[in-house]
Amino acid sequence: MLLSWKQMVLLSFIGCLGGELLFHGPVFVSEPRDSMAPVGAADQRVTFNCEARGNPAPHYRWQLNGSDIDLGVESHYSLDGGDLVVVNPLRDRDAGSYQCFATNALGTIVSREAKLQFAYLENFKTRMRSAVSVREGQGVVLLCGPPPHAGELSYAWIFNEYPSFVEEDGRRFISQETGHLYVAKVEPSDVGNYTCVVTSAVTAARVLGSPTPLMLRADGRKLRVERRRI
């Protein structure tokens, strides 16, 4: 319960008489940060940090998407000090924005929002990829086109058959932003099938796309690269 203005004045006066008795409203020491949890993982715990100092010592409550979390009813939530612990979070139930409220007799402060998101990686759609034709000595880009996902990804490419992975060097580069494979000054030894491999950094799930054939043009005509939208 908040104090009346007379009580607040009295507390402030007492605080001036002795430093150790100084009363003040809550001030955050730490606030929650965004978190990412794997979809469907067992025995998972997500912790949102919240700590405030104040005199009197503050107490805490939390909201999810603007609604109070009832710790007495929703047993998969618990408080550890001011931290909110979510046990075995589910996307349909627990995804969203969390906020911490720290309160003492002198006031309430509200933390920044922290989002709980869930990482997943779907399979590539099963479809044939068109061959890419290029003249020897010219460059080419092979498109990856990752499937629907959430969370950070990493990319690699298989050349012809697993486990023959493309090694980056002065001619070959794999973008970890898009997954595309860049090959400069194509040589006859580059001809073959290239398969994009996508891995979730959160769930460790891995999926493979359909192979993209790379061929050399035998004629001397101007380069025409054939690509199929992925």
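The values are calculated or read from the model by the stated rules, or taken from the named source; none is laboratory data. Keep in mind it's a predicted model, so treat the numbers as computed, not measured. Reconstructed Cβ throughout: ideal geometry from the backbone, glycine too, with neighbour counts over all protein chains shown.
Could you give me the residue pairs with C-beta distances under 7 Å whose first residue belongs to the stretch 59-79 and is under 18 Å from D92 (Cα atoms), whose second residue is of a type in the set (D, E) and surrounded by 10 or more Cβ atoms within 10 Å (Cβ to Cβ) wherever it lies, and which are 6+ apart or on separate chains?
none
Quick one: count up the residues across the stretch 144-166 that are farther than 30 Å from D34 by Cβ and either polar (S, T, N, Q) or touching a strand residue (DSSP E or B) at 6+ places or on another chain (Cβ under 9 Å) (or both).
Final tally of qualifying residues: 9.
Every residue in the stretch 18-57 that is within 17 Å of L84 (Cα to Cα) and in a loop (DSSP other than H, G, I, E, B), please.
E31, P32, R33, D34, D43, Q44, N49, C50
Which of the strands (runs of 3 or more DSSP E) contained wholly in the stretch 67-122 include at least 2 residues that are aromatic (F, W, Y)?
Filter on the stretch 67-122 gives 96-104, 114-121.
Out of G179, G170, report the one residue that is out of contact with any strand residue (DSSP E or B) (no Cβ under 9 Å at 6 or more places or on another chain), over 30 Å from G25 (Cα atoms) and either free of Cβ contacts under 8 Å to residues at least 12 places away in the same chain or not assigned by TED's automatic domain parsing to the domain that holds C50 (or both).
Of G179, G170, the one residue that is out of contact with any strand residue (DSSP E or B) (no Cβ under 9 Å at 6 or more places or on another chain), over 30 Å from G25 (Cα atoms) and either free of Cβ contacts under 8 Å to residues at least 12 places away in the same chain or not assigned by TED's automatic domain parsing to the domain that holds C50 (or both) is G170.
Pick from the stretch 176-192 the residues that are over 18 Å from R217 (Cβ atoms) and touching a Phe, Trp or Tyr at 6+ places or on another chain (Cβ under 7 Å): which of them is surrounded by the most Cβ atoms within 10 Å (Cβ to Cβ)?
Applying the filter and picking the extreme gives L181.
Looking at the stretch 114-129 only, could you name the residues that are polar (S, T, N, Q) and either over 30 Å from P188 (Cα atoms) or touching a Pro at 6+ places or on another chain (Cβ under 8 Å) (or both)?
The answer is Q117, N123.
Restrict the check to the stretch 68-84 and report whether at least one residue is polar (S, T, N, Q), in contact with a Gly (Cβ under 8 Å, 6 or more places away or on another chain) and exposed (fewer than 14 other Cβ atoms within 10 Å of the Cβ).
Scanning the stretch 68-84, I find no residue that is polar (S, T, N, Q), in contact with a Gly (Cβ under 8 Å, 6 or more places away or on another chain) and exposed (fewer than 14 other Cβ atoms within 10 Å of the Cβ), so the answer is no.
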